[in-house]
Amino acid sequence: MKKGAVQQVFIYLMVIIVVGTLMIIGYKAIGALINKMCDVNLATFKSNLKTSLQRNSNYGSSEIKSFTAPCSYDKICFLNITGVNQNLLSEYPSIKSEYGARTGQQMFFIQGKKVIGVNLVVRGLEVKDGFFCINSTGGKFTVKMEGISRGKVLVSDPLA
């Protein structure tokens, strides 16, 4: 092998190493960016939902509102913290344990088999039938909100 050919091999190896390193760094950066986008979408969802619930907390107010599903969640479930038929919770043991522990958690996202609590405290939130879940349709959750008394909002599935 000639001296020039050996140098070419080393140049190709260095190019492969540099390009490979850049690809790994870029992949990690894109992954971090996607996680940040998910956090931003979740914060936006919480803010929009809380605002809508507060806006519909007066007696007689009613609204059917669609919210963009953050982080590609499949379902959102609502739980009444008082008076739930625990048979309704049999499909979701982690939600049942939250209810049994009286943590006050009322909303949960479901992604596949994973259940994620939504840390959102809304005073006066009542859930029709004690517990229900809404599937994401076209990347959106549609919720019906009705003011049932001063400061209380009844949420339900608009299709039920």
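Odds and ends about this structure:
- Set of lysines near LYS128 by C-alpha distance (under 26 Å), chain-local residues within fewer than 8 positions excluded: LYS46, LYS50, LYS65, LYS75, LYS96, LYS113, LYS114, LYS140, LYS144, LYS152
- The GNM of the chain, with springs linking C-alpha atoms under 10 angstrom apart, assigns the highest mean-square fluctuation among THR103, THR44, THR21 to THR21.
- GNM result for the chain, Cα springs below 10 Å: residue of ILE134, ILE34, ILE11 fluctuating most strongly: ILE11
- Part-to-part distance (alpha-carbon centres) for the range 70-98 and the range 104-119, which is given in Å: 7
- Listed residues LEU42, LEU13, LEU79, most fluctuating in the chain (Gaussian network, C-alpha, under 10 Å): LEU13
- Antiparallel content of DSSP bridges confined to the chain, in %, to 5: 90
- DSSP loop trypsin sites (Lys or Arg not before Pro) with at most 14 other Cβ within 10 Å excluded, longest remaining stretch of the chain: 3-101
- Estimated 222 nm signal from helices in the chain, with DSSP H stretches of n ≥ 4 weighted -39500 (n - 2.57), rounded to 500: -14000 deg cm²/dmol
- Of [x] -0.46, -0.53, -1.00, -1.37; [y] -0.42, -0.47, -0.92, -1.38; [z] -0.29, -0.37, -0.99, -1.69, the label for log10 I(q)/I(0) by the Debye sum over Cα atoms at q = 0.09, 0.10, 0.16, 0.21 Å⁻¹ derived from the coordinates: [y]
Since every read-out is calculated from the coordinates, none of them should be taken as a lab result. The structure presented is a predicted model; accordingly, all values stated were derived computationally and were not measured. All Cβ positions, glycine included, derive from the backbone under ideal geometry; neighbour counts span all protein chains shown.
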